[in-house]
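Undergrad: What follows is a single structure, and I will ask about it in a moment.
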């Protein structure tokens, strides 16, 4: 995690609005593949100072039969090297009421969130890079 020279992480590092820069999967061998929203996804992430959370993402290009939109809202908190998203409502009903755990990394105005998933019986990491808007 990069927060500046010797600067400790504070929860307010997260607070604000972020624009999605990239979204891809990384497998155990280091090979990358596009995430479920294609090569040019569009998205906004909001972390409120009081713990509110909102994520909205969509495909940048329409593809018939493909997932066009993903979104959820709830609350967030930092737990050491992890940020926890407690989901209240979600476009994927299976996520409602769950806690989604992400590793994070700050590098200047870029926040990278890393989640783990099983795909095709193999462990993968889903990597989303966000750039601070405000």
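The values are calculated or read from the model by the stated rules, or taken from the named source; none is laboratory data. The model shown is predicted, which means the values in this text are computed figures rather than measured ones. Methodologically, a virtual Cβ is constructed for each residue, glycine included, from the backbone with ideal geometry; neighbour enumeration extends over all protein chains shown.
Undergrad: Here are some residues: 89, 63, 78. Which one is farther than 14 Å from residue 128 by Cβ, part of a loop (DSSP other than H, G, I, E, B) and in contact (Cβ under 8 Å) with a residue 12 or more places away in the chain?
TA: On the way: 89 fails: part of a loop (DSSP other than H, G, I, E, B); 78 fails: part of a loop (DSSP other than H, G, I, E, B).
Going through 89, 63, 78 in turn, the sole match is 63.
Undergrad: Let me spell it out: the conditions are (1) assigned to a strand (DSSP E or B); (2) exposed (fewer than 11 other Cβ atoms within 10 Å of the Cβ), and residue 25 meets all of them except one. Which number is the exception?
TA: (2)
Undergrad: Continuing with the same structure: Could you please find all residues in the stretch 37-60 being in contact with a strand residue (DSSP E or B) (Cβ under 7 Å, 6 or more places away or on another chain) and not in a strand (DSSP E or B)?
TA: Answer for the stretch 37-60, where residues must be in contact with a strand residue (DSSP E or B) (Cβ under 7 Å, 6 or more places away or on another chain) and not in a strand (DSSP E or B): 37, 41, 51, 60.
Undergrad: Just to be sure before I move on: is residue 101 under 22 Å from residue 10 (Cα atoms) and either in contact with a strand residue (DSSP E or B) (Cβ under 7 Å, 6 or more places away or on another chain) or at pLDDT below 95 (or both) in the structure I sent?
TA: Against the criterion (under 22 Å from residue 10 (Cα atoms) and either in contact with a strand residue (DSSP E or B) (Cβ under 7 Å, 6 or more places away or on another chain) or at pLDDT below 95 (or both)), residue 101 qualifies.
Undergrad: Next question, about the same structure. Looking at residue 57 and the list (1) within 26 Å of residue 15 (Cβ to Cβ); (2) crowded, with 17+ Cβ neighbours inside 10 Å; (3) in contact (Cβ under 8 Å) with a residue 60 or more places away in the chain, which single condition is not satisfied?
TA: (3)
Undergrad: Continuing with this model, one more query. Residues to consider are 35, 43; find the one that is within 14 Å of the chain's Cα centre (by Cα), buried (at least 18 other Cβ atoms within 10 Å of the Cβ) and at pLDDT below 95.
TA: 35
Undergrad: Mind telling me which of the residues 99, 133 ends up being surrounded by 12 or more Cβ atoms within 10 Å (Cβ to Cβ), over 9 Å from the mean Cα position of the chain (by Cα) and closer than 17 Å to residue 77 by Cβ? Walk me through how you get there before you give the answer.
TA: Values: 133 fails: closer than 17 Å to residue 77 by Cβ.
99 is the lone residue from the list that is surrounded by 12 or more Cβ atoms within 10 Å (Cβ to Cβ), over 9 Å from the mean Cα position of the chain (by Cα) and closer than 17 Å to residue 77 by Cβ.
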